[in-house]
Amino acid sequence: SGRLSLLVMLLLMSGCFGNENLTALDPKGPQAQWIFNNMVLSLYIMAFVTLVVFAIFFYILAKFRRKEGDDEYPKQVHGSTVLEITWTVIPILLLLVLFVPTIMGTFEFAESQAPEDVEDAVYIDVTGHQYWWQFDYEEGFTAGQEVYIPTGERVYFTLNAQDVIHSFWVPALGGKIDTVPGIENTLWLEATEPGTYMGKCAELCGPSHALMDFKLIALEREDYDQWVEDMVAKADVEQPEDSSVQQGYEVFQESCISCHAVGGAGSASGPTLTNFADRKTIAGYLENTDEQLEAWIRNPDEFKQDNNMIPFPEEDLSADEMDALIAYLRSLDVREEDDPE
Ligand code: CUA
């Protein structure tokens, strides 16, 4: 439905393409579908109004044009009660057509609790930081930058911010919602199919606002349960089991631990790295390769201006230490096989 209007919107919004599922025009969940339907509805209404106005306009241009023999100044009219009521009532009716579904949906989507007959509903706390995302799970672990959810059910988010106002937005799944320091907002999202959905901060929050990206990864319920189990297991691991990354673990303890946690739950000043090796990106948007990782650790500000990470030049972290650290970070994976995506 709405193929023509869709094409027009695609054209207007083509700047938004080239990123994984970063579009509101290909909805992958009930909330996004509802938003999309409302967009199409309002486009139809606007198209209808434009057509009617132009039709009347051209009709009047033609009908009341100056004809031969028209030498008199036409009769001057000062008002028409019928016309004025008409062009007041029609827009009110059109607005009501948009108002009713908008308000009903808005309340439904603000629902913060699962109905009582739903078992094992997933609740996730989201915290926005300059410039990264923290996701706290009820099971007692924390994830940074990538939030995992089960597919085909409502997932309930409670949103908050650490420093300034951010906005949590996964365009393919639903509407954006502000994360505000000191205030708890709520939102639910549902993904109808498994996949990786790109998320954005949608509120100007500082120089690197545009880079405050995250991923929402929807897994089938059993894969999700497995992931949770693995994250819980990881949360308790202190020492690496693999002795080959022992040196990197020590470097990490010395240089990184004051800002980054591995395992455990709750906030640190930097993203929790429990499942860092599973991440598709570094810092939310850089490709997760060893070269990129080293470049990032050496000089984070080059990639994300105004972020809080301390740079580690060679005098603070030798090339050997860097290699060991990267090997340790690469060992921090939870998911056995790679995502099929
Ligand atoms: Cu956070 Cu923009």
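Just so you know, all these numbers are worked out from the coordinates, no wet-lab data involved. Since this is a predicted model, take the numbers as computed values, not measurements. Here Cβ is always computed from backbone atoms with ideal geometry, including for glycine, and neighbour counts include all displayed protein chains.
A few notes on this one:
- Beta bridges per DSSP with both ends in the chain, % antiparallel, nearest 5: 70 percent
- Ranked by how many other beta carbons lie within 10 Å on average, peptides 290-299, 138-147 from highest: 138-147, 290-299
- Each peptide in 121-129, 43-51 receives the mean, over its residues, of other Cβ atoms within 10 Å, and ordering these scores from highest gives 121-129, 43-51.
- For the range 57-121, the list of chymotrypsin sites (Phe, Trp or Tyr not before Pro) that fall in a loop by DSSP and count at most 15 other C-beta atoms within 10 angstrom reads Phe64.
- The range 223-274 shape via C-alpha gyration tensor axes, a/c threshold 1.5: oblate
- Size of electric dipole in the chain: Cβ of Lys, Arg +1 and of Asp, Glu -1, about Cα centre, debye, nearest 20: 3120 debye
- Applying both filters, DSSP loop and at most 10 other Cβ atoms within 10 Å, to the trypsin sites (Lys or Arg not before Pro) of the range 37-129 gives Arg65, Arg66, Lys67, Lys75.
- For the range 188-259, GluC sites (Glu not before Pro) meeting the loop criterion (DSSP other than H, G, I, E, B) and having at most 15 other Cβ atoms within 10 Å: Glu220, Glu238, Glu241.
- For the chain, the tally of Lys pairs with Cα-Cα distances below 27 Å comes to 18, considering only residues 8 or more apart or on different chains.
- Amide proton proximity set for Gly140, modelled H, under 5 Å, gap of 5+: none
- Overall form of the range 43-174 per C-alpha gyration tensor (a/c, 1.5; a/b vs b/c): prolate
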